[in-house]
Amino acid sequence: MNKIMITLLIFLFSIPGYAQESFMTLGERSSLNLDGNWNYIIDPYENGYYDYRWQPSPNGFFKNEKPKNKWDHIEYNFDTSDTLTVPGDWNSQRKELFFYEGTIWYKKSFDFKKKNDTRVFLRFGAANYLAIVYLNGEELGEHEGGFTPFSFEITNLVREKDNFIVVKVDNKRCAECVPTLNTDWWNYGGLTRNVSIIETPATFISDYVVQLKKGSTGEISGWIQLNGFKLHQEVSIALRDADIRRRYKTDSSGFVKYSFPASVKLWSPENPVLYEVTISSETDTIGGVIGFRTIETKGTQILLNGKPVFLRGISIHEEAPFRSGRANSIQDARTLLGWAKELGCNFVRLAHYPHNENMVKEADSLGLMIWSEIPVYWTIRWENDQTFKNASRQLSEMIARDRNRASIICWSVSNETPLSPPRLEFLKGLVRKAREMDPTRLLTAAMERHYIDATTQMIDDPLGEFVDVLGCNEYIGWYDGLPQKTDAIRWKTVFNKPLIISEFGGSALFGYHADSLTAWSEEFQESLYTHQLAMLRKIPFLSGMSPWILMDFRSPRRQLPGIQDFRNRKGLLSERGEKKKAFYVLQKYYKELQQEK
Ligand code: GCU
């Protein structure tokens with residue numbers, strides 16, 4: 001292919017447009033890390049984007065303009081503006097931004113010496129909620145959704161000196177958004193995860209799957225996708241500790257599907273064995289650690305590596321322990337998942353959106369199975385086509401990022417969504433998309449239930465027909481009667497499928513002690529857990545639980561002064577890591593379950 005063709009193709013690949021979510025290996029490459037201090041400008045009226053007639057201005061803040069003459073009057077200046085730390089939400093970094101919902105502009109300058117015959121990408125781990133990205137005054141494109149990675153090719157735009165990235169991040173909620181207007185978590189805005197420049201060979205490995213073939217413990221299967229100009233290549237897969245190396249040829253689109261017999265140690269919470277996997281082409285090499293396990297259902301049981309498993313779980317929000325704000329570091333992940341291990345968990349529900357990659361990698365290493373979900377939460381606009389496309393894109397970005405992670409055993413497409421025909425069609429569409437992208441994992445959702453008489457809870461949500469595992473949140477003893485009410489409750493379902501009680505719980509302020517019928521006391525929460533666990537033990541089709549929630553977390557819906565102060569207090573730990581009495585009730589139960597095995 002001659003130089004003209006290559007230049008033309010590079011140009012075609014780097015046309016600004018929608019964020020490239022298909023280059024998922026970018027997150028696994030070494031790169032120029034752009035984390036640190038970024039200048040920022042608060043822009044509540046989006047004056048940096050629209051002119052006074054509310055039309056997009058050609059001279060917005062993304063130009064990063066400087067006065068050329070003494071009479072020039074430019075009404076912004078990134079270089080004399082304050083800085084925010086990236087990654088990090090803005091709400092927890094500045095008092096005046098605690099409740100801020102709107103646009104903030106970020107700016108970062110950098111130099112970059114590009115090597116020969118390479119391509120260059122700008123990658124964001126996430127930005128909440130809507131990001132428009134510019135490089136050297138040129139718009140690269142935009143990304144909607146606050147919890148998944150995205151990247152733009154900048155091969156033709158990046159220069160050796162004085163590059164400047166400008167990002168418009170807008171965290172305003174909207175009815176058609178995903179999530180929609182109303183959520184029970186803090187709307188942390190900003191560049192909440194890592195930002196980096198990544199350089200790849202001209203033709204690189206843009207995506208791959210290396211997993212056990214569905215239902216098999218002796219065969220590895222998957223595919224490899226190249227991106228670039230020399231797409232017909234020999235590629236290889238090596239598993240160092242299993243003494244495996246296999247070679248294949250990609251087709252004219254740079255794609256090859258493969259499978260081969262493999263004798264590997266199976267990943268499990270008891271033995272989270274991970275293999276060094278290296279994928280190579282003639283022009284690129286990428287590596288990572290991958291665990292191999294099977295996950296399936298049999299009637300009302302969940303089978304891990306062919307054996308029934310009970311999911312001893314806990315729900316977790318991406319709330320930073322101790323400092324509050326969005327968690328994002330490996331230390332945050334180790335603290336949160338360390339508490340889950342201390343509780344006796346083998347399972348965590350990462351609510352209500354894809355968490356940062358540190359959480360998932362740490363779970364792989366620690367041996368914690370994961371329920372991962374997209375923020376299709378409560379009253380989504382089911383009949384809005386853009387809303388569906390948004391949810392579907394966030395789902396595909398979540399799956400593409402994590403489908404080689406052994407810890408993730410199920411994808412959830414929704415949480416507590418009110419029944420209606422449009423809602424069912426919307427969610428069936430997401431289930432189809434997930435199965436198409438990843439036939440190996442289980443599909444679930446936190447679905448609806450209802451009383452069929454004074455003491456019988458029924459799970460017959462029509463979505464149950466289309467998922468593999470029934471998820472269901474219930475708050476008997478908190479929103480529904482007192483803890484003693486659970487004693488008479490029985491559960492039924494019309495589906496022959498496993499059930500995970502994906503939420504139950506009640507609030508308590510750490511250190512507030514009273515009798516077990518006094519709301520907000522640790523004793524009330526302790527009693528609620530005792531009664532709840534006694535009820536749940538009786539459910540014959542129960543295969544797991546993820547009580548709500550590991551740690552107290554910020555919520556704009558929890559105002560009670562002196563008790564909540566804008567935190568949801570259903571945590572088993574306070575935001576300072578202090579264990580409440582209910583922590584020990586659940587820990588004791590999980591220990592008994594382990595001994596029963
Ligand atoms: C719901 C919801 C959670 C919420 C919880 C609560 O079940 O799924 O996001 O925080 O109830 O009311 O505390």
With criteria (1) assigned to a loop (DSSP other than H, G, I, E, B); (2) over 22 Å from Ala351 (Cβ atoms); (3) touching an Asp or Glu at 6+ places or on another chain (Cβ under 8 Å), Lys538 comes up short on (3)
Evaluate the following for Leu463: is it surrounded by 18 or more Cβ atoms within 10 Å (Cβ to Cβ), farther than 22 Å from Tyr590 by Cα and in contact (Cβ under 8 Å) with a residue 12 or more places away in the chain?
yes
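Could you grab me the full set of residues in the range 444-470 that are among the small types (Gly, Ala, Ser) and in a helix (DSSP H, G or I)? Walk me through it before giving the result.
Quick first cut of the range 444-470, residues among the small types (Gly, Ala, Ser) only: 445-446, 454, 464.
Passing the criteria: only Gly464.
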So Tyr106 ticks every box in (1) surrounded by 17 or more Cβ atoms within 10 Å (Cβ to Cβ); (2) more than 15 Å from Ile165 (Cβ to Cβ) but one. Which box is left unticked?
(2)
Where in the range 280-328 are the strands (runs of 3 or more DSSP E), entirely inside, with at least 1 residues that are more than 30 Å from Ile198 (Cα to Cα)?
295-298, 301-304, 307-309, 311-316
Whether any residue in the range 107-119 is closer than 29 Å to Asp284 by Cα, modelled with pLDDT of 95 or more and touching a helix residue (DSSP H, G or I) at 6+ places or on another chain (Cβ under 8 Å) is what I want to check.
yes
Return the residue satisfying two criteria in turn: it lies in the range 478-498 and is within 30 Å of the chain's Cα centre (by Cα) and in contact (Cβ under 8 Å) with a residue 12 or more places away in the chain, and of such residues it is nearest to the ligand (Cβ to nearest atom).
Trp478
Complete set of residues in the range 434-458 that are within 30 Å of Trp520 (Cα to Cα) and surrounded by 22 or more Cβ atoms within 10 Å (Cβ to Cβ)
Ala445, Ala446, Met447
Looking at the range 434-457, I want the residues that are assigned by TED's automatic domain parsing to the domain that holds Arg490 and within 30 Å of Gly222 (Cβ to Cβ) and have a partner that is away from the ligand (no atom under 15 Å from the Cβ) and basic (Lys, Arg) with Cβ atoms under 6 Å, at least 6 apart or on another chain. Which pairs are those?
Asp438/Arg403; Pro439/Lys214; Thr440/Lys214
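Of the residues in the range 192-237, how many are of a type in the set (D, E, K, R), in a loop (DSSP other than H, G, I, E, B) and under 25 Å from the mean Cα position of the chain (by Cα)? Walk me through how you get there before you give the answer.
Pass one, the range 192-237, residues of a type in the set (D, E, K, R): 193, 199, 207, 213-214, 219, 230, 234.
If we keep only those that are in a loop (DSSP other than H, G, I, E, B) too, we end up with 193, 213-214, 230.
Narrowing the set further to residues that are under 25 Å from the mean Cα position of the chain (by Cα) leaves 193, 213-214.
Matching residues across the range 192-237 total 3.
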Subset of the range 123-174 (residues that are buried (at least 22 other Cβ atoms within 10 Å of the Cβ), among the aliphatic types (A, V, I, L, M) and under 20 Å from the mean Cα position of the chain (by Cα)):
Ala126, Ala127, Ala131, Val169
Which is of a type outside the set (A, V, I, L, M, F, W, C), within 16 Å of the ligand (Cβ to nearest atom) and within 24 Å of Trp491 (Cα to Cα), of Asp468, Asp461?
Asp461
Quick one: Ile549 ticks every box in (1) under 21 Å from Thr455 (Cβ atoms); (2) not hydroxyl-bearing (Ser, Thr, Tyr); (3) not in a helix (DSSP H, G or I) except a single one, so which number is it?
(1)
Tally of residues being outside any loop (DSSP other than H, G, I, E, B) and in contact with an Asp or Glu (Cβ under 8 Å, 6 or more places away or on another chain) across the range 152-167
1
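Surrounded by fewer than 18 Cβ atoms within 10 Å (Cβ to Cβ) and either at positive phi or not assigned by TED's automatic domain parsing to the domain that holds Met359 (or both): which single residue out of Ser221, Ser206, Ser196 fits that description? Break it down into steps so the answer makes sense when it comes.
Working: Ser206 fails: surrounded by fewer than 18 Cβ atoms within 10 Å (Cβ to Cβ); Ser196 fails: surrounded by fewer than 18 Cβ atoms within 10 Å (Cβ to Cβ).
None of the other options fit; the residue is Ser221.
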Name the residues in the range 290-332 that are within 29 Å of Val467 (Cα to Cα), of a type in the set (A, V, I, L, M) and touching a residue at least 24 places away in the same chain (Cβ under 8 Å), would you?
Ile290, Ile295, Ile302, Leu304, Val309, Leu311, Ile314, Ile316
Could you list all residues from the range 499-535 that are within 16 Å of the ligand (Cβ to nearest atom) and assigned to a helix (DSSP H, G or I)?
Phe524, Gln525, Leu528, Tyr529, Gln532
Check on Asp79, outside the structural domain of Ser392 (by TED's automatic domain parsing), under 16 Å from Asp35 (Cα atoms) and of a type in the set (D, E, K, R)
no
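In the list Gly146, Gly137, which residue meets the criterion of being more than 16 Å from the ligand (Cβ to nearest atom) and in the same structural domain as Ser81 (by TED's automatic domain parsing)? Working first, answer last.
Working: Gly146 fails: more than 16 Å from the ligand (Cβ to nearest atom).
Only one candidate passes the filter, namely Gly137.
The values are calculated or read from the model by the stated rules, or taken from the named source; none is laboratory data. This is a predicted model, so every value here is computed, not measured. All Cβ positions, even for glycine, are placed from backbone atoms using ideal geometry, and neighbour counts span all protein chains on display.
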